[in-house]
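Just below is one structure, and these are the notes that go with it.
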Amino acid sequence: MHILDLDDDSLIIILSYILDTPLRSSKKHGLVCLSSICTRFRSVILPFLFRSVRWPHFQPSAEALGWGQPETIAYPVVPKTILSNIRRFTLSCAFQFPTDRLVTMIGDMASLSSFIFLDCNHPPSETVLDALAQVPSLSSIDFCRTPLNLNTTPPSFSFTALENLSIKCAWKLVSVSGGAPQDPATFKLRFHDPPDMTDKIINSLNRRSAELAFSTQFIQSNLAFLERVEIEGALFPFNILRSSTWPRLHTLIFYGRPPMSQSVPIITLFGGMPKLEDLQFRWSMRLVEEPQRDKFHFLPDSLIPKPKPGSTPQTLNLTPLLPSLRSLTLSNVVPQDRIFQYLPTSLERLHLPTILEDGCGGAGMRLVNIQDIGVGLGPAAASSIMCDMKQSGARPVELRLTLSEMPSPTLIQEIADTLPGIQVLELGQAWYDAFPSETIFPESAYLTSLTPLTSLQELKLSLPFPSTSRNRRSTHFGPLSEELELAHAIAKVLPKLERVGFQCTFSYPESVQKRVWDDWNEWAGYRVWRWSGGGVGVEWEERKGWGS
């Protein structure tokens, strides 16, 4: 049978297989060539080629930014024939874009499901937002590093069925838990003198007030349909939580800095979200000499309800407040936080990362003495959290911690005693390889402490290997004999283990210019294979999917 004799559904299956293969640049070029063969191929391939579009696809020159007006800048034309195929549209403009043209384009996007404002220097106009609200297929909108403002005539904000909302913060954040940092800041060209410091502070406060008013009205208008929200904490309307209901929300993620103060425990404010499954506080911490001033307590002892004299002592119970909670992320936690004593029993995944605010993009963070400012959980803090968790009754099957030093066999044993049924365990070190470990434990001690974890399926550990193994250059990121041997030994004592990883560093050669997201902690991953006769094999696994 000739390929032209196939029906459209069969051709789409073949194209879907091509799209799932690697080498995206070469495959897209191949699809373009394939679409030029005949009219039938073109009609089938167009939805694949143009389902995700970024407009405009160029950055204007410095002259255009300095004196060019919107009507004098040559905007790329998007043919009307492909607008109906666009599902994901990204608007990235460092200048004022033509509103009328954009509104007309939005009206022709019948299949649009996601719209992203990315690095726009001007807030979206009310006409653009009103046009988006009229698209019945739109389910996701993202404001990424884009100013927000309520104009004189605010838009309705009433979308047909908006499910996903993202308002990303503009702070320069880094993560020391492994993997890429959160939201590295972009730098925009400036052609004017820096403002006076007083004017800068006033403008900043006014901007934040306008953005908070925008996000508050936007969220309140779409509470009935929102399912996933990612937002900077300073732009989230905490004041409406007690009087509002979020019937469909299942994921809520906070970025930026934590609140300066709280009159009630913040963890108790989410009772109006009966379907909330994933709650993430990815707030950042500044590198300061007295870090305790910048620490946030999710459940301070001073805010826990105290029993009245002569009455029966009452304990705080988060299970009725968060009945569906399955995953909880708390950044930069401190052992004095009482939240671990009251974790809901429905909890399945607990992640305690360290996220820092970098004062300048690309700054050398390792020059700071992290041992003095307390980055990551110390041995005593991690042990205290395990004791509190045992008291709460929560038994998550996935635990990820960022420690200030390499994990000891004693800590692993405490985790095994508290969570005997754990399936995923990650114990990373903040800035692995930055400081040598004072105490080196033998391999046998680690194997003994891991043996009780018979349900463990995925393990990621920070362990002391030779310096040549800890730091991988871009020319060699592959398996090492020391890691292979230890991975094989661990797989023998853990009968259900499927993946094992060891923390390492990965940096580019000196000839390559550093970027803000370079030189982060990585995980060297290995996959475990088992045979029916009881044999165990270990092989190298690519880095994809191993970042925290």
key: Cβ-derived FRET efficiency at R0 30 Å, VAL32 paired with ASN121, nearest 0.05   = 0.40
inquiry  = Please report the net charge: other residues with Cβ closer than 15 Å to the Cβ of GLN423, K and R +1, D and E -1.
reply    = +2
key: Counted charge near PHE159, where neighbours are those whose Cβ lies closer than 13 Å (Asp, Glu -1; Lys, Arg +1)   = -3
request  = Please identify which residues in the range 108-128 have an amide N closer than 14 Å to a label point set 7 Å out from the Cα of SER84, following the Cα→Cβ vector.
outcome  = 108-112
query = By how many nm would the segment from ASN317 to SER111 lengthen if fully extended, with 0.36 nm per residue of separation less the alpha-carbon distance?
reply = 69.7 nm
task = Please calculate the 1.4 Å probe accessible area of TRP529, with all protein chains present, and give it to the nearest 10 Å².
result = 120 Å²
note = Between THR448 and SER261, Cβ-based FRET efficiency (R0 35 Å, step 0.05) works out to 0.15
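The values are calculated or read from the model by the stated rules, or taken from the named source; none is laboratory data. Just so you know, these numbers come straight off a predicted model, no measurement behind them. Counting neighbours? That spans all protein chains shown, and the Cβs are built from the backbone with ideal geometry, glycine included. Note: accessible area is taken over every heavy atom of the protein model, side chains too, but ligands, DNA and RNA are not part of it. Shrake-Rupley method; radii C 1.70, N 1.55, O 1.52, S 1.80 Å.
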